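Notes for the one structure printed next.
The values are calculated or read from the model by the stated rules, or taken from the named source; none is laboratory data. No experiment lies behind these values; they were computed from the predicted model shown. Here Cβ is always computed from backbone atoms with ideal geometry, including for glycine, and neighbour counts include all displayed protein chains. With ligands, DNA and RNA removed, areas are computed over all heavy atoms of the protein, side chains included. Shrake-Rupley method; radii C 1.70, N 1.55, O 1.52, S 1.80 Å.
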Amino acid sequence: MALLLPVGERQILVQRAQRSVVSLRVHRLLAPSPDMPSATPSDSATRAPIVPMDSVAVADLPRSASSPFFERLRTAAAQVNLRAPDPRQAARWHSHTIGGVRRRLAQPLTFTPYAAVQPCSARCGFCSENLRKADGGVPASRLRPDGTYFDGLAHALRALRGVPLSWSLSGLETSDDAGWMLQLLATLAAAEASDGPSVEDRVLYTNGAGFAKTGGAILQRALQDFGLSWLELSRHHHEGATNQAIMRFRPGLEISDQAVFERTARQLADAMPLRLVCILQRSGIARPQDVSAYLSWAQQRCGAGTVVFREFSRLDGSYRDNATARYLHAQRVPMDALLTACLDDAAVSRGWTVESLTEGYYFWNLRLRTANGLSVIFESSDYGAMHARHATEDIYKLVYFPDGQLCAGWEPGRDVLLDTRSMQEHADA
């Protein structure tokens, strides 16, 4: 799970909503107030409602990631997509029994079959998989599946029969092991076709490594047959050497080469909707001019229809001060400041129009469209808000881990809804 969302989830949860196309000449209305912090960095397939702002009391909004700039955007936007349901909105919740316990599941909802068959092909310094909680616990990235993984996954999916959700394929790098990925897709497709959940969207988050190898075309065809809604392809700078310094692909991987990446991206874009994802950081994309150059490259050289710029997720006090946490602190590019600077730079934002504003259960994002038709998403997320949501009795996220546990969040052993290995051991006894 890259630091996103959108974990990041780094995550899949914004609808191709109706436009409230507003000229970005309103950017002067959104300029930061004197007390705003100065510059000092798409989880989503949604069925979230689009709500006219004058019909929603400010106190009713879900306050997922506190941001003075977002508050100003919200006052200027005619409509906002509310990803997190109000507890009083019965239609936004799905009731379902899991492991003998009646649960209330937020809508929309995503399910991640955590991909940890081997260490990731990239070694990004900001990867959330390397954050460590102060209260300990086994990191998900250290878990490795055994031969019972897919049987357990199928069992967990049967337990979710009829639940409306979307596949969010992330964790480590699913495409690193082609055989694993093909078996995963087959298991999910079989659940859809028989006694599993009711699936709305199918999204893959990837660094592209497996698609640049021999056999990458097989994976591409498998995703097409799977009905992938879109693919989110990570690339954190438009220049190959700078990107390699950030992502640190392991030696010998073709995807690290700039020409190979561009060719792979174009092939994927020809086969399915492609979003390029760029995590903002001081050593990469950090200024309006960087944003402009990246957008031109993504559209012209890679064929992307959408570009997502994500800020490092904001951390709460539950994380230890390790190398990853220090990287986030040193390299952070604040979204509020960068987005304001882009809107104030006429050479960068000329022809941009606002399409929608979304507030999720731990993120917010602004969707724009350029004069050339490229969709652009700026996104900010807050892990403190995510943990607060997960601490309630309500379910906002489903993750199936290699140890056979289905959990309501990204931490193995916490908020366990179903333990498929324990159930199998009990059946065999």
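Values as computed for the structure displayed
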item	result
Output for segment 115-160, where each listed residue is open to solvent by 70 Å² or more (accessible area, probe 1.4 Å) and of a type in the set (Lys, Arg)	Arg123, Arg142, Arg144, Arg158
Which numbered condition Gly303 misses (of (1) assigned to a loop (DSSP other than H, G, I, E, B); (2) under 19 Å from the mean Cα position of the chain (by Cα); (3) surrounded by fewer than 22 Cβ atoms within 10 Å (Cβ to Cβ))	(2)
Neighbours by Cβ (under 6 Å, 6+ apart or cross-chain): first from segment 263-292, of a type outside the set (D, E, K, R); second buried (at least 16 other Cβ atoms within 10 Å of the Cβ) and modelled with pLDDT under 95	Leu280/Pro41
Meets criteria (over 25 Å from Val163 (Cβ atoms), open to solvent by less than 30 Å² (accessible area, probe 1.4 Å) and of a type in the set (Ser, Thr, Tyr)) for Ser318	no
Test result for Arg63, at pLDDT 90 or above, charged (D, E, K, R), within 19 Å of Tyr361 (Cβ to Cβ) and open to solvent by 30 Å² or more (accessible area, probe 1.4 Å)	no
Strands (runs of 3 or more DSSP E) within segment 313-429 that include 1 or more residues acidic (Asp, Glu)	353-359, 375-381, 416-419
Residue that is farthest from Leu204 (Cα to Cα) [pool: residues in segment 77-114 that are among the hydrophobic types (A, V, I, L, M, F, W, C), open to solvent by less than 10 Å² (accessible area, probe 1.4 Å) and at pLDDT below 95]	Val80
